[in-house]
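Visitor: Mind looking over this structure? Questions follow.
The values are calculated or read from the model by the stated rules, or taken from the named source; none is laboratory data. A quick note: this is a predicted structure, and the numbers were derived from the prediction, not measured. As a convention, Cβ positions derive from the backbone with ideal geometry for all residues, glycine included, and neighbour counts pool all protein chains shown.
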RNA sequence: GCCGAUGUAGCUCAGUUGGUCAGAGCAGCUGAUUUGUAAUCAGCCGGCCGGCGGUUCGAAUCCGUCCAUCGGCUCCA
């Protein structure tokens, strides 16, 4: 007998070799039906795998992320099985579970698989799922595994196995399909009740663009049809919120092929919105002791050679431009930091002057590959809410905290309630991709880790995600639909100060090197506005929205009164317009609702006589009538509250 | 950049196998209506069917190429 301890701290005795599935059965039939995998001593294994020693066991169901992973991973196998049956001879790459669902990379060989084939594959999957095919785990020697795939002619699997150590190779078999796989898998295909293949796309074998491009099919599956329906509904909602769609509808921005792809044009309402965001941040920065600076859009190529940007990115960026007579070379500014370093160098600093904080809404230009451009989130010209803090090593912590304060205030004012911090460190295996000494890197990485830990924020650590000159702390926010976006970023940098030979005089009367902190709370104005559009579905907070109120006269007769109403609102700094069109009130309301303008003031004979306004709130309907003064004060209050962060 | 898909009026989309196929709705303009909480009616304007080449008696429709957009991959200071 062995002792099995469960998450509720109970310990039960079972015969040696019992499976998690049987433990579940012992607890309840219902649980046994729902168990997808198990975590045994911290390791996720099949529910059908025997347990030989005393262990801590957690049964995993759909409610556990690891349970869902097992389900989706098994779904990928199921899809492969279906594909193999429908298209004999296809070869398989890898088929993992991902954040939302699964995919499988396949080499279709002589077949072509297109979007139209997906329903067919789906149907086959459902058929196979109903057979409740058991996922049978088998450990095989490396040679046998290689022979199997060599015989089958699947060079991708052969390559994968070649890199594995002998003795660790496991195969899983379900129905007629056998796959090299680490597992874990769900007990059988039965729980895959609802499945949807979502898209098909090309993907390089092993992510290497020099290697063959395989066909990747994405899908998702659920144990209940209803969950799939809900998920598909959520996808539809996400599509409705696509910033490219509502950004166009609300006249926030546009693109023109005549200007160039990836170069956004901000329309008046978008510019108004952006201006508000900038003013808001400028206020916070003023309060935090920042100084505003301004730098040009191009800079001598030598500047970026000094910073290292040219060596690192020059080959892939926009070509340099030259002066006609002297032949001097300039680059479109890809980063603001070198310019800010030069501003720092223009003056002498004592330790008493530090920290120095230079802020600029700096527009930068980067050549992004054509296939990578995407709405406002990935563009070739964008404005960073950039700032560089030059401080003493002792001040780093305090300054870093100040930056985090600003970021958190912004998230609060804009209703981003869910976010996690991501500490991005360099890839320890590829140190040559980064500039600067090991010592500097270790110092800055440790600083970021310490500060993040002390802040008490939730955070994850990612290796290989650092900037080439220093580690980063990025803020990933979750929007209203639960999708993650990377927004604000803070970076500690010991390297650029060295490259630019920045100095300050210490209390010892010696020259010292300052530390630089790069930070951008919004990230870029373009990207931030895109995320904001999707997060709010265009219903911006009152303080931010370009048009806060629209006055809707019942007919022309009340235009005079409407003007009086509007000018009173303007005295309160409330932004609005009058709908003077010769339309019925229903029409004016509809159009105003669709433009997501938060308040409508309907005025007609009654309102004019009583000197009141009828208030209608976007998305909520008629709120009854009140005096204009009362309305304006209430609005002002709401706005002040929103901004009081 | 790579793979695949798409590209018809300002917007959303119809246009079967190449032959009155250049259309609709919305928007816009003009006029009528002077309106009470999500679309008043009528008339009109508007397109070199993404660009360029080709096949054909004839191309929005077939082929090639370039550009752009979309879905991914790779990349992201």
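Visitor: Can you tell which of A:375, A:314, A:381, A:362 is over 26 Å from residue A:400 (Cβ atoms), out of contact with any helix residue (DSSP H, G or I) (no Cβ under 6 Å at 6 or more places or on another chain) and assigned by TED's automatic domain parsing to the domain that holds residue A:500?
Guide: Sole residue among the options that is over 26 Å from residue A:400 (Cβ atoms), out of contact with any helix residue (DSSP H, G or I) (no Cβ under 6 Å at 6 or more places or on another chain) and assigned by TED's automatic domain parsing to the domain that holds residue A:500: A:381.
Visitor: Just one of (1) away from RNA strand B (no atom under 14 Å from the Cβ); (2) within 24 Å of residue A:292 (Cβ to Cβ) trips up residue A:329, so point out which.
Guide: Just one mismatch for residue A:329, condition (2).
Visitor: When the residues of segment A:332-367 are narrowed to those that are part of a helix (DSSP H, G or I) and more than 10 Å from RNA strand B (Cβ to nearest atom), which ends up surrounded by the fewest Cβ atoms within 10 Å (Cβ to Cβ)?
Guide: Ranking the qualifying residues of segment A:332-367, first place goes to A:345.
Visitor: For residue A:614, state whether it is more than 29 Å from residue A:533 (Cα to Cα), near RNA strand B (Cβ under 10 Å from one of its atoms) and surrounded by 12 or more Cβ atoms within 10 Å (Cβ to Cβ).
Guide: Taking the combined requirement at face value, the residue does not satisfy it.
Visitor: Oh, and also: Within the set of pairs 6+ apart or on separate chains, which have a first residue in segment A:200-215 that is touching a residue at least 12 places away in the same chain (Cβ under 8 Å), a second that is in a strand (DSSP E or B) and near RNA strand B (Cβ under 8 Å from one of its atoms), and C-beta atoms under 6 Å apart?
Guide: Qualifying pairs under 6 Å: A:201/A:216; A:202/A:213; A:203/A:216; A:214/A:203.
Visitor: I'm trying to understand the selection: among the residues of segment A:191-245, which are in contact with a helix residue (DSSP H, G or I) (Cβ under 6 Å, 6 or more places away or on another chain), over 30 Å from residue A:61 (Cα atoms) and assigned to a loop (DSSP other than H, G, I, E, B)?
Guide: A:211, A:212, A:241
Visitor: Here's something else I'd like to know. Need at least 2 residues that are surrounded by 20 or more Cβ atoms within 10 Å (Cβ to Cβ), modelled with pLDDT of 95 or more and under 25 Å from the mean Cα position of the chain (by Cα) per element, so show me which helices (runs of 4 or more DSSP H) inside segment A:509-604 make the cut, counting only ones lying wholly within it.
Guide: Details: elements: A:525-536, A:559-571, A:585-594.
Those helices (runs of 4 or more DSSP H) span A:525-536.
Visitor: Here's another thing I want to ask about it. Considering only residues that are in a helix (DSSP H, G or I), surrounded by fewer than 20 Cβ atoms within 10 Å (Cβ to Cβ), in contact (Cβ under 8 Å) with a residue 12 or more places away in the chain and away from RNA strand B (no atom under 14 Å from the Cβ), which ones fall in segment A:416-444?
Guide: Pass one, segment A:416-444, residues in a helix (DSSP H, G or I): A:431-433, A:438-444.
Next cut, surrounded by fewer than 20 Cβ atoms within 10 Å (Cβ to Cβ) only: A:431-433, A:438-439, A:442-443.
In the following step, the residues that additionally are in contact (Cβ under 8 Å) with a residue 12 or more places away in the chain were identified as A:433, A:443.
Of everything in segment A:416-444, just one residue is in a helix (DSSP H, G or I), surrounded by fewer than 20 Cβ atoms within 10 Å (Cβ to Cβ), in contact (Cβ under 8 Å) with a residue 12 or more places away in the chain and away from RNA strand B (no atom under 14 Å from the Cβ), namely A:443.
Visitor: So which residues in segment A:368-391 are within 9 Å of RNA strand B (Cβ to nearest atom), more than 18 Å from residue A:319 (Cβ to Cβ) and either over 16 Å from the mean Cα position of the chain (by Cα) or assigned to a strand (DSSP E or B) (or both), if there are any at all?
Guide: Matches in segment A:368-391: A:371, A:374, A:378, A:384.
Visitor: So how many residues does segment A:22-42 have that are assigned to a helix (DSSP H, G or I) and surrounded by fewer than 19 Cβ atoms within 10 Å (Cβ to Cβ)?
Guide: The number of residues fulfilling the criteria is 10.
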